[in-house]
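Participant: Here it is, the structure in full.
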Amino acid sequence: MLNIQQILFPTDFSDGARQAFPQAVFLADWHDATLHVLNVREQPEDADSASLPVSTDTLTEWLDVPEHRPSMPDLEGLSLVQEQVDADSPPERIVAYAEDVDIDLIVMGTHGRRGLRRMLVGSVTEEVVRTSPCPVLTVRTSADASPKQAIRRILVPVDFSEASMAAVRHAKEIALTYGAEIDLLHVVREIAYPSAYGFEPPHFSMDEFLGRAEEKLGELAHEEIGIEHAMVEATMGDPSMGILDYVDANEVDLVVIATHGRTGVDRFLIGSVAERVLRRSPTPVFVVPPGRKSLLPTDATATQA
């Protein structure tokens, strides 16, 4: 089980934010963690805006659990903190709060902005993911609201970097918590060689190449996951599109992905596979930032020692 003691749920009172609230509540209840509900106001003079704290009845409405779905935990039994602050930059203030309170996991919704508006306005969720001191679980506004606690199949994109190894290890603990299966996916970026280079690309069998990649994934599943119910697949194409296509074609309930933490001009020019996936994935995305707080039980024990 992941070592989670403090969970942060940032909200702007929008439907997109509320979409992630049931996940935050379930995880807080499961891990016996304190749930922090945070609202960052950019324009505190707006008298018509909602504010914290809100009543238990309002929080229950945010859960929005239909009768045919499993009941959510009793909010009265949760350790709950509600905080409202004023700041010019919500992403920076959310990250600062996470650092000050030593948050273990941030759970938040994303509006899924794309195109020119996203480039000009930006995304609070993406900025938080980029600079967060801990893992972030994101849920899209348009995501299907099937039982929020029902996770049966987890997809982990793997590029064999140390960052993706951390994602695999976090996915293993999440799978043990939910009793879920894990799919490991490796997407090989297809390379084009312009004729102007004056040489022919190397000749090799793509099937053989992908077969070898799947063999390595199988070895990784055996060594790191240690469970029978694991699937592996290697494919060719754009990594972010390959991941999203896999999600669409399979009954994936959660994507666990590492981000390489690019910032500034490098990230703007090259882009981030993790950000593209969380922006468009119809399922929740659990982002593991490398070099920051780990939720793995062994890592937590080593840190305490």
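What follows draws every value from the coordinates through simple rules; no lab data is involved. Please read all numbers here as calculations on a predicted model, not as lab measurements. With ideal geometry, Cβ positions are generated from the backbone for all residues, glycine too; neighbour counts draw on all protein chains shown.
Participant: What is the distance, in nm, between label points placed 7 Å from the Cα along the Cα-to-Cβ direction at ALA87 and at THR60?
Facilitator: 3.2 nm
Participant: What's the local net charge at ALA213, with K and R +1, D and E -1, over the other residues with C-beta under 13 Å away?
Facilitator: On the way: positive: ARG189, ARG212, LYS216; negative: ASP159, ASP207, GLU208, GLU214, GLU215, GLU219, GLU233.
Spelling it out: positives minus negatives among the neighbours equals -4.
Participant: With a Förster radius of 45 Å, plug the Cβ-Cβ distance of LEU296 and PHE13 into 1/(1 + (r/R0)^6) and report the FRET value to the nearest 0.05. Intermediate results must be reported in sequence, preceding the final value.
Facilitator: Details: r = 34 Å, r/R0 = 0.75.
It comes to 0.85.
Participant: Long-range amide H contacts for LEU137: which residues qualify at under 5 Å (H placed 1.01 Å from N, peptide plane, sequence gap of 5 or more or a different chain)?
Facilitator: Here ILE106, VAL107, MET108, VAL287 satisfy the definition.
Participant: Could you check the spin-label model distance between VAL101 and MET206? Points 7 Å from the Cα along Cα→Cβ, value in nm.
Facilitator: 4.9 nm
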